[in-house]
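The structure under discussion appears below in the form of structure tokens.
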Amino acid sequence: MTPKRMGQSVPPERVAPVCANAQLLPPPRNAAWLLELLADSLRLTGHECVLLALACAIALPVYLETQMLHSSQAAFAAQHMQNTPAMQTQPHTDWSFYMTVTTSSTIYNLGCNQGKFDGGLGIDSMVVLDFGGQQYNSGGTQFFDGTNITNTEVVGLAENFILGYVQCLTDSNSVLTLGLGVNNDNFVSNLNGQLWGQNINAVQSWISRHNYAGHAFADGADDIEAWDPNDSWAAPTISWVQGYDSTANEPYLDYGTADDCPVTPSNNAYCLGSCPHGYPCNHSWNQYDFWYDSYGNGHSFATPEIYGADYWYGNDMAMEWTMLSLYGYDYQTGAITFEGPWDDHDIEPGKYTSAQAWMYLWDDLNTLGYPGIKQDMPYSLEIHNET
């Protein structure tokens, strides 16, 4: 007698103690015993057993292949994770400024804010005050709004920023690196490089006289770019660098771009492969020029703009700089060491945030399989308008 299950009678014609035909279509790994168990549990007839075996023969290989694929993917992912370094934690982002006013109290307050910020966290910072383009062989500068200021005013504003920083600093270990910035537009010459170096020396001497050397350094800074067809030429820019090097006692920060440089490994390729809007293509910028200006001269630190796609040509700015560093490693005296990337999200909200700029540059440097350029960076920088 067939036993009752779940309080229900079982019709004799539905009883199938074994699935006799199950082995007609055996699935892989000889799972006929599993079919018997299923058939007995489901009370299948002989014909239904054949259908079940057929279904298993089709489905089981697919299942096993899927499991093998998943296992392979998991193994690959585990291996990739082992070979990929953990991303460095992004440092706190320091604010720099396009100068727009010459009021001492305004610049003092900006320095004070930075001192409070650094002191509260016990960190160092890097800040650039961008004074615009230099005037003709005078060393004074012109703001972007057309305001002209003298060398004396440049030095005085930098000193007021440092004074605010030191007087508002609450931490005894924090150190400010203040870059006095210009760009390679307007009048770019060896003499202007020399004069800018003298400005830096004047600020650094003031720091020493006031015993602030434990908390502040004054460096030069230059927003070196190649996109302006009228002024941004390679040879005068290198001449400016050499003029600066000849007089300055401190290095300078290159906080510019690598316009249209290659995004694949290259050996001194030209970096302006095409010129927009009919502009002449005789700037002669190549990878060596950018490498030399940002690192190769031995008197500079690289802090590249990573705003997104470059201004004219749409190349990824992080990859341009990554390949430039690789060029230095492969063909010159060394890979570029980066202090940290710039973003301008506060001024142009559609461009990268500081987190994106940091992530893309760090990731390109560290995960593309070029050990010679792998590195961490001590700073994250963002440009703002002063007012």
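Read-outs: derived from the displayed coordinates by stated rules, not from any lab. Note that this is a predicted model, so its numbers are computed, not measured. Note: ideal-geometry Cβ built from the backbone for every residue, glycine included; neighbour counts use all protein chains shown.
Annotations for the structure displayed:
- Euclidean distance of C-alpha centroids, the stretch 190-243 and the stretch 140-172, integer Å: 14 Å
- In this simple spin-label model, placing a label point 7 Å from the Cα along the Cα-to-Cβ direction at both K374 and N173 gives a separation of 2.8 nm.
- Computed over neighbours whose Cβ is under 10 Å from that of H215, the net charge equals -3, Lys and Arg +1, Asp and Glu -1.
- Placing pseudo-labels 7 Å out from each Cα toward the beta carbon at D346 and Y331 gives an inter-label distance of 3.8 nm.
- Alpha carbon convex hull of the stretch 287-332, volume per residue in cubic angstrom: 71 Å³
- Cα extents of the stretch 94-385 along the three principal axes, largest first (Å): 48, 41, 36
- Backbone N within the stretch 154-172 under 18 Å of label point (7 Å from S104 Cα along the Cβ vector): 154-168
- Here the mean projected area of the convex hull built on the C-alpha positions of the stretch 97-242 is 8.4 nm².
- Positive-end residue, the stretch 244-387 charge dipole about Cα centroid, Cβ charges, pick of G308, Y270, W321: Y270
- Sequence ranges 346-353, 154-161, 129-136, 211-218, ranked by mean other-Cβ count within 10 angstrom, highest first: 154-161, 129-136, 211-218, 346-353
- Our estimate of slack between N148 and N249, defined as 0.36 nm per intervening residue step minus the Cα-Cα distance, is 33.8 nm.
- Sorted by Cβ density within 10 Å, fewest first, the residues Y165, Y360, Y329: Y329, Y360, Y165
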